[in-house]
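Working notes, structure below.
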Amino acid sequence: MASGMKKKFQVLWRYHAGPGAVIWQMMFTGSGCLAGQKRFPESRRLLLFSVDTPSGKVLADDCRLIDPLSSMPVGDGWLTGFEAANENLVFCHAYQADSPEHRGIWAFDPAAGSVVWGRPDIVFAAYLGNELLVYRPSVFSGFPERHFFLVDPSNGSVKRELGIDNPEINDLRQNSLTEEERQQVILPEFAGEEKRTELSLPAGSGIAAQAPCEYLETGDVKVIALHEPGTVPDTWSSALHIFKEGCRVYHETMASASGRPAMNNFLIRGDNLYYIKEKEELVCVSLS
């Protein structure tokens, strides 16, 4: 390689979710599996998929989150989300009726593409490593109450009752790690004017001075997402730029002619960058 030239970063793998899909949420298990949700708004369907992160091999695809007790789709097959992940499982939730409040926990094995256990009667509060802190909502004399207890992540069985006013509850919640910390992911931040100056991007880098901008930094690598008005009226174009030691080594359009900027569409975990392209495709790029 000629002196002064930087090695271009390479795409390790791509996963396509299918026509009309919107890749919605992702989590990483400790065993190296990426689990994701893909939504199909026109048919109001939500399906799950999983990818082996080192190889890009699809482990499971088009999986429905089925409650093992009722054999019915959780959240009518649409209104579900991810709470947390451990070594091998991803813990999912539905929603309370006509409310944004979460309801139930279903443990999904992304490698097998199936639900290991489900408990629609409890609500997730925190992941504690060997235990899940959960509560069962109830009403007493017209007032809502929350009865807390600890359950085994592997099977959902109760390990210990904590009650309602136990001071240990707040201690457990405050000492628990966020999912970003546990899964060791770096999420993008919005770059204001001061941060843009601090990033010190080279002239001619393609980063417009006034366009909305997100960024990530790890070592000598800077990842920038630039969001600009599209060529079609009332649309946005979002482009991803990767710089190493001041030189641009990767560039791709994440979204074109989109109804809104493609915000929060990328993250870093380990030596890899993951981003969503045109809503339907997940791309993994090596940063090493």
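The values are calculated or read from the model by the stated rules, or taken from the named source; none is laboratory data. Keep in mind it's a predicted model, so treat the numbers as computed, not measured. As a convention, Cβ positions derive from the backbone with ideal geometry for all residues, glycine included, and neighbour counts pool all protein chains shown.
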State which residue pairs qualify: first residue without any contact (Cβ under 8 Å) to a residue 40 or more places away in the chain and inside the range 27-47, second residue surrounded by fewer than 18 Cβ atoms within 10 Å (Cβ to Cβ) and acidic (Asp, Glu) in any location, beta carbons under 6 Å apart, and separation of 6 or more residues or different chains. 47/62
Scan the range 63-72 and tell me whether some residue there is at pLDDT 95 or above, within 20 Å of residue 112 (Cβ to Cβ), of a type in the set (A, V, I, L, M) and touching a Leu at 6+ places or on another chain (Cβ under 7 Å). yes
Selected residue (only one of 187, 177, 172 is in contact with a helix residue (DSSP H, G or I) (Cβ under 8 Å, 6 or more places away or on another chain), surrounded by fewer than 19 Cβ atoms within 10 Å (Cβ to Cβ) and farther than 23 Å from residue 77 by Cα): 187
If the Cβ limit is 8 Å and pairs must be 6+ apart or interchain, which residue in the range 2-26 that is farther than 21 Å from residue 57 by Cβ pairs with which residue that is modelled with pLDDT under 95 and surrounded by fewer than 13 Cβ atoms within 10 Å (Cβ to Cβ)? 6/245; 7/1
Just one of (1) under 18 Å from the mean Cα position of the chain (by Cα); (2) surrounded by fewer than 20 Cβ atoms within 10 Å (Cβ to Cβ) trips up residue 27, so point out which. (2)
Looking at the range 30-69, which of the residues that are in a loop (DSSP other than H, G, I, E, B) and surrounded by 20 or more Cβ atoms within 10 Å (Cβ to Cβ) is farthest from the chain's Cα centre (by Cα)? 65
Which of the numbered conditions does residue 82 fail, given that it passes all the others? Conditions: (1) touching a residue at least 12 places away in the same chain (Cβ under 8 Å); (2) exposed (fewer than 14 other Cβ atoms within 10 Å of the Cβ). (2)
Consider the range 263-283. How many of its residues are within 15 Å of residue 218 (Cβ to Cβ), part of a strand (DSSP E or B) and of a type outside the set (Val, Ile, Thr)? 7
Going through the range 148-177 in order, the residues found to be farther than 18 Å from residue 118 by Cα and of a type in the set (Ser, Thr, Tyr) are 176
Residue 128 fails exactly one of (1) in contact with an Asp or Glu (Cβ under 8 Å, 6 or more places away or on another chain); (2) under 30 Å from residue 64 (Cβ atoms), namely (1)
Those residues of the range 206-257 which are in a loop (DSSP other than H, G, I, E, B) and of a type in the set (Gly, Ala, Ser) amount to 206, 208, 209, 211, 219, 230, 246
Please find, within the range 155-169, the residue that is surrounded by the most Cβ atoms within 10 Å (Cβ to Cβ) out of those that are in a strand (DSSP E or B) and hydrophobic (A, V, I, L, M, F, W, C). 162
Would you mind stating whether residue 91 is within 21 Å of residue 134 (Cα to Cα), hydrophobic (A, V, I, L, M, F, W, C), at pLDDT 95 or above and in contact with a Pro (Cβ under 8 Å, 6 or more places away or on another chain)? yes
Test: residue 75 is surrounded by 16 or more Cβ atoms within 10 Å (Cβ to Cβ), small (Gly, Ala, Ser) and either at pLDDT below 95 or in a helix (DSSP H, G or I) (or both): yes
